[in-house]
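The values are calculated or read from the model by the stated rules, or taken from the named source; none is laboratory data. Since the structure is predicted, the reported quantities are computational estimates derived from the model, not experimental observations. Every residue, glycine as well, gets a Cβ built from its backbone with ideal geometry; the counts of neighbours run over all protein chains shown. Please note that ligands, DNA and RNA were not included when accessible areas were found on the heavy atoms of the full protein model with its side chains. Shrake-Rupley method; radii C 1.70, N 1.55, O 1.52, S 1.80 Å.
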Amino acid sequence: MELKNVVFHSPGPNWAHGVDFREQPGVMEHVQHYAQLLEQGKLFLGGPFTEADSGGMMIGSDALTRDELVAYAAADPAVRKGLLTFEVKTWYVAMSAKT
């Protein structure tokens, strides 16, 4: 059984609708926040959804517990400033091409 903890981001109250995600004030702080996890080997993958104003997701590696990922997501500068909201869900990987 393989479980992955996934952070789903959605636009928060301070999100400028209709403005490209790369132009959102504070989005680079969000990117840098998660880049730290990636550098530490604690982020499996992540990025924005391609639809406008739809947020994105980050998948934590097995090096992080669900509680640690929730705490990390809550400490995101973009979340604290209201640019993004988040929800963490545990995903049961039922199908995989891995051998």
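Listed values, structure above:
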quantity	calculated
Unmet requirement for Phe44, which otherwise passes all of (1) farther than 26 Å from Trp91 by Cα; (2) at pLDDT below 95; (3) of a type in the set (A, V, I, L, M, F, W, C)	(1)
Qualifying positions in the range 67-99 - open to solvent by less than 50 Å² (accessible area, probe 1.4 Å) and charged (D, E, K, R)	Asp76
Long-range neighbours under 7 Å by Cβ, at least six apart or interchain, first residue touching a residue at least 60 places away in the same chain (Cβ under 8 Å) within the range 15-26, second among the aliphatic types (A, V, I, L, M) and surrounded by 10 or more Cβ atoms within 10 Å (Cβ to Cβ)	Trp15/Leu83
Ala63 vs. criteria without any contact (Cβ under 8 Å) to a residue 60 or more places away in the chain and surrounded by fewer than 11 Cβ atoms within 10 Å (Cβ to Cβ)	no
The lone exception for Thr50 - which of (1) in contact (Cβ under 8 Å) with a residue 24 or more places away in the chain; (2) more than 12 Å from the chain's Cα centre (by Cα) it fails	(1)
Test set (1) without any contact (Cβ under 8 Å) to a residue 40 or more places away in the chain; (2) of a type outside the set (Gly, Ala, Ser); (3) touching a His at 6+ places or on another chain (Cβ under 6 Å) - Leu84 fails condition number	(1)
Pick from the range 32-56, criterion aliphatic (A, V, I, L, M) and surrounded by fewer than 19 Cβ atoms within 10 Å (Cβ to Cβ), ranking: nearest to Arg22 (Cα to Cα)	Ala52
